[in-house]
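Data first, discussion second: the structure below is written as structure tokens.
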């Protein structure tokens with residue numbers, strides 16, 4: 001069953017189609033990667049699925065329900081949580097506060113105007129678990145701004161997991177990471193994927209081949225082909241698109 | 001006599017012509033604003049002052065040196081343009097790497113200084129300036145009489161508008177300008193001197209404003225304050241057109257003028273508000289204005305100052321110290337001053353909640369304190385309400401206004417938000433000026449204080465003081481708790497990274513609206529209290545200068561700190577009380593403090609203090625031999641830096 005689906009989705013900016021007539025389905029429990037050259041419309045598709053952009057044509061469905069008219073926050077509350085290409089942590093908050101914030105959203109405390117979140121023991125316990133799981137125990141009270149770039153990306157993943165999402169959308173999770181960090185983040189993604197559906201945009205083909213069970217190739221705003229890594233990587237049109245032939 | 005819709009044709013055409021002329025000034029001025037905004041992302045508050053410099057300059061050149069109109073038309077823009085270049089080079093450039101709000105605040109301070117200096121030099125009465133001989137007289141067009149000078153103004157404004165549009169949209173220089181707006185670093189890498197380009201753009205914008213000033217000198221009242229109130233209308237025009245859009249500025253400028261003229265013919269009472277009503281309507285349909293593209297560039301956020309390791313004991317000790325010193329202060333200081341300062345402190349704290357923690361810097365907060373004040377005064381005097389109900393009514397009116405204004409403005413952020421809130425506040429100002437129940441220029445005076453809950457007689461100064469103190473402390477505690485609550489954490493997160501907060505499932509617009517309404521409510525409470533203290537509700541409370549003052553208090557004391565707004569409010573109210581004798585110099589001093597504060601100690605008095613203490617803590621920890629926890633030391637060093 002498809003968890004997230006785009007039917008005939010298009011978006012045009014001043015007449016230029018960044019994504020054109022794309023049909024795309026994300027199946028329950030898979031790790032699915034979208035690849036393609038720069039400017040292929042991968043991140044735009046991401047923004048359309050999470051409604052950070054409103055499509056100019058077509059519809060988006062979550063578990064069969066039409067969510068085309070919903071906003072990003074509403075989509076997130078359904079359990080479709082995304083990350084950003086450029087690390088998106090709350091710089092001025094501590095690591096613990098970053099995690100707690102994600103947990104707050106799922107609690108009934110978010111409209112509490114007085115009193116401290118720390119008083120809620122469940123929330124604190126869960127935050128401790130996640131801090132430990134991602135190796136942040138010693139850095140819990142550090143301002144996120146003071147973390148290294150790699151650790152910020154891990155923190156972003158941690159806050160995303162703290163949301164306990166149904167569908168996880170990761171926009172280039174490895175961008176800007178060093179080799180050793182890439183292996184660790186890949187492990188964390190595999191771990192997080194247990195019992196969840198994951199969609200990722202990624203340029204690092206080693207990572208894609210290791211993580212993704214299914215791959216969609218996009219070129220110039222359209223879906224070129226779809227299949228497993230081995231199938232896709234052998235197709236001549238994919239090779240042509242990547243080597244710049246294309247025609 | 002022919003009539004159109006029951007209006008004499010001559011009157012209609014006359015107002016239409018006046019509207020067209022006003023439109024010409026609106027378009028020329030908003031054009032300069034749009035160019036500056038497009039290039040620097042600064043809403044140039046000094047624009048009105050530069051326009052005034054053009055007009056007063058022309059008068060001065062004629063009066064002192066006998067320089068005529070035609071020479072002034074070239075000389076004044078040139079001189080003011082040079083002033084603009086110097087302002088950019090020496091002052092504005094220093095904050096160009098920061099959040100653009102700082103640039104806007106700087107221009108606000110500069111406007112206060114320039115206007116104050118000119119008032120000191122030229123007085124505030126009108127200065128006469130004759131129409132040049134070549135353009136005196138007029139022509140009868142059959143359906144109406146057209147004075148030549150007015151025709152000239154419209155013609156030359158149209159030419160200037162078209163030339164500017166052409167230069168920016170169609171020439172290579174314009175292309176560089178537009179490119180530099182989008183990505184200054186990249187354009188710099190092409191070998192183009194972007195800082196110089198920005199400097200000359202600001203100079204050109206200033207020259208354009210001065211040109212409009214000289215143009216206006218023969219037909220509008222020349223005086224040092226002529227730019228101030230016009231500026232707010234211009235802001236509304238620019239918002240209607242779409243911030244930074246040249247085409248939008250021109251179209252909206254002329255339309256606003258014509259609409260105003262027509263309103264004067266059909267329903268004169270609404271003519272001052274109609275532009276703001278139009279703005280509200282346009283924003284409802286197109287949140288970015290008619291031609292706005294709304295590509296707000298990412299701004300560098302300023303980290304809120306916080307003590308590295310503050311404990312709840314420390315927090316309560318600080319609060320107790322403040323409460324105690326305020327309780328004993330009336331023995332040493334004039335109680336009326338203290339009560340006034342406390343109401344303003346509450347106002348500033350409410351403003352800070354939004355500006356500091358929500359990063360929504362409103363330029364229209366006066367509307368809340370003012371509206372609540374009027375409602376409180378009216379229900380006491382007109383309906384005989386007891387004080388507790390009057391406070392409730394005033395505060396509730398501010399909440400309601402906050403809900404409407406917040407709904408309209410929180411969909412925007414940064415400079416957009418500031419300008420929209422300013423225009424909305426100006427709408428309220430004109431309502432207060434004209435509505436039958438506000439007493440117009442006089443306000444509502446000698447409001448009786450009454451008996452609180454039928455028990456406490458507020459006309460007893462001691463009882464009143466205790467009441468004001470308790471309300472202030474209560475409001476302060478509420479804000480302190482709010483900032484640390486889950487809601488406060490979410491606000492902080494939205495301030496840091498709004499898209500991420502949305503991707504976590506927070507409907508950020510609801511939180512922003514909520515904090516706006518809370519801030520409006522507390523400001524309203526301050527306004528109601530102020531009426532009980534001063535026994536008067538007047539126009540000064542709804543004027544945009546009041547909105548400027550609360551910004552000054554908050555930034556001077558320390559935006560984003562709990563105690564900063566309190567300190568700032570006391571300093572500003574003390575200045576008002578003790579410097580009142582200096583007259584026009586007060587606004588110069590205000591402006592100078594603004595400029596110095598933003599250039600030299602941006603974190604404000606309390607913010608700088610906190611940073612200093614944090615840095616010392618870090619140093620003393622580093623000096624100690626705690627070899628077991630080097631990471632703690634490093635962390636504190638970073639936090640203090």
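Coordinate-derived values only; no laboratory data. Keep in mind the model is a prediction, meaning the values are calculated, not measured. Cβ sites come from the backbone with ideal geometry, for glycine too, and all protein chains shown count toward neighbours.
Using only Cα atoms, what is the ratio of the radius of gyration of the stretch B:1-141 to 2.2 N^0.38 Å?
Ratio of Cα Rg to 2.2 N^0.38 Å: 1.33.
Along each of its three principal axes, how wide is the spread of alpha-carbon positions in the stretch B:336-577, in whole angstrom units, largest first?
53, 35, 33
For the protein assembly as shown, what does the alpha-carbon gyration tensor say about shape, rounded, prolate or oblate, given a ≥ b ≥ c as the root eigenvalues, a/c under 1.5 as rounded, and a/b over b/c as prolate?
Since a/c reaches 1.5 but b/c is at least a/b, the shape of the protein assembly as shown is classed as oblate.
Work out Dmax and Rg for the stretch A:1-137 from the C-alpha atoms and quote the Rg first, both in angstrom.
Over the stretch A:1-137's Cα set, Rg and Dmax evaluate to 18.1, 53 Å.
For chain B, find the longest principal axis of its Cα atoms and tell me its angle to the long axis of helix B:335-352, 0 to 90°, nearest 10.
With rounding to tens, the tilt is 80 degrees.
Treat each spin label as a single point 7 Å out from the Cα along the C-beta direction, and report the residue B:462 to residue B:90 distance in nm.
Simple spin-label model gives 5.6 nm for this pair.
Grab the DSSP H runs of chain B that are 4 residues or longer, score each as -39,500 (n - 2.57), total them, divide by all residues and round the 222 nm result to the nearest 500 deg cm²/dmol.
-23500 deg cm²/dmol
To make sure I understand, if each residue's beta carbon is the centre and we count other beta carbons within 10 Å, what order do B:76, B:161 fall in, fewest to most?
Fewest to most other Cβ atoms nearby, the residues stand as B:161, B:76.
Using a 10 Å cut-off around each Cβ of peptide A:91-100, what is the average number of partner chain Cβ atoms that fall inside?
Mean shielding count: 3.
Just grab the label-to-label distance for residue A:194 and residue A:25, each label 7 Å out from Cα along the Cβ direction, in nm (one decimal).
The two pseudo-label positions are separated by 2.9 nm.
Could you calculate the FRET efficiency of residue B:316 with residue A:124 from 1/(1 + (r/R0)^6), where r is the beta carbon distance between them and R0 is 30 Å, rounded to 0.05?
E between residue B:316 and residue A:124, to the nearest 0.05, is 0.85.
Give me the angle, in degrees from 0 to 90, between the Cα long axis of helix A:179-192 and the longest principal axis of the Cα atoms of chain A, rounded to the nearest 10.
80 degrees
log10 I(q)/I(0), Debye, Cα-only the stretch B:437-502, no solvent, q = 0.15, 0.18, 0.24, 0.29 Å⁻¹?
-0.73, -0.79, -0.99, -1.11
Per q in 0.12, 0.14 1/Å, what log10 I(q)/I(0) does a Debye calculation on the alpha-carbon atoms of the stretch B:11-285 return?
So the normalised log intensities are -0.73, -0.99.
What does the C-alpha gyration tensor say about the overall shape of the stretch B:60-210? Classify as rounded when a/c is under 1.5, otherwise prolate if a/b is larger than b/c, or oblate.
oblate
With axes computed from alpha carbons, what is the tilt in degrees of helix B:387-409 against the longest principal axis of chain B, rounded to the nearest 10 within 0 to 90?
Long axis of B:387-409 versus the principal axis of chain B: about 60 degrees.
Count, for each residue of B:479-485, the Cβ atoms from other chains sitting within 10 Å of its Cβ, then give me the mean as a whole number.
3
Could you grab the Rg to Rh ratio for chain B? Cα atoms only, Kirkwood for Rh.
With Rh from the inverse mean 1/r over Cα pairs, Rg/Rh is 0.99.
Arrange B:148, B:100 by Cβ neighbour counts within 10 Å, fewest through most, would you?
Listed from fewest to most nearby Cβ atoms, that is B:148, B:100.
Using a 10 Å cut-off around each Cβ, can you sort B:243, A:211, B:400, A:200 from fewest to most neighbouring Cβ atoms?
In order of increasing Cβ crowding within 10 Å: B:400, A:211, A:200, B:243.
At q = 0.24 Å⁻¹, what base-10 log of I(q)/I(0) does the Debye formula yield for the stretch B:377-424 when every alpha carbon is treated as an equal point scatterer in vacuo?
Relative scattering, expressed as log10 I(q)/I(0), comes to -0.77.
What does the structure give for B:508-519 when I average, per residue, the other chain Cβ atoms found within 10 Å of the residue Cβ?
The per-residue average across the peptide is 1.
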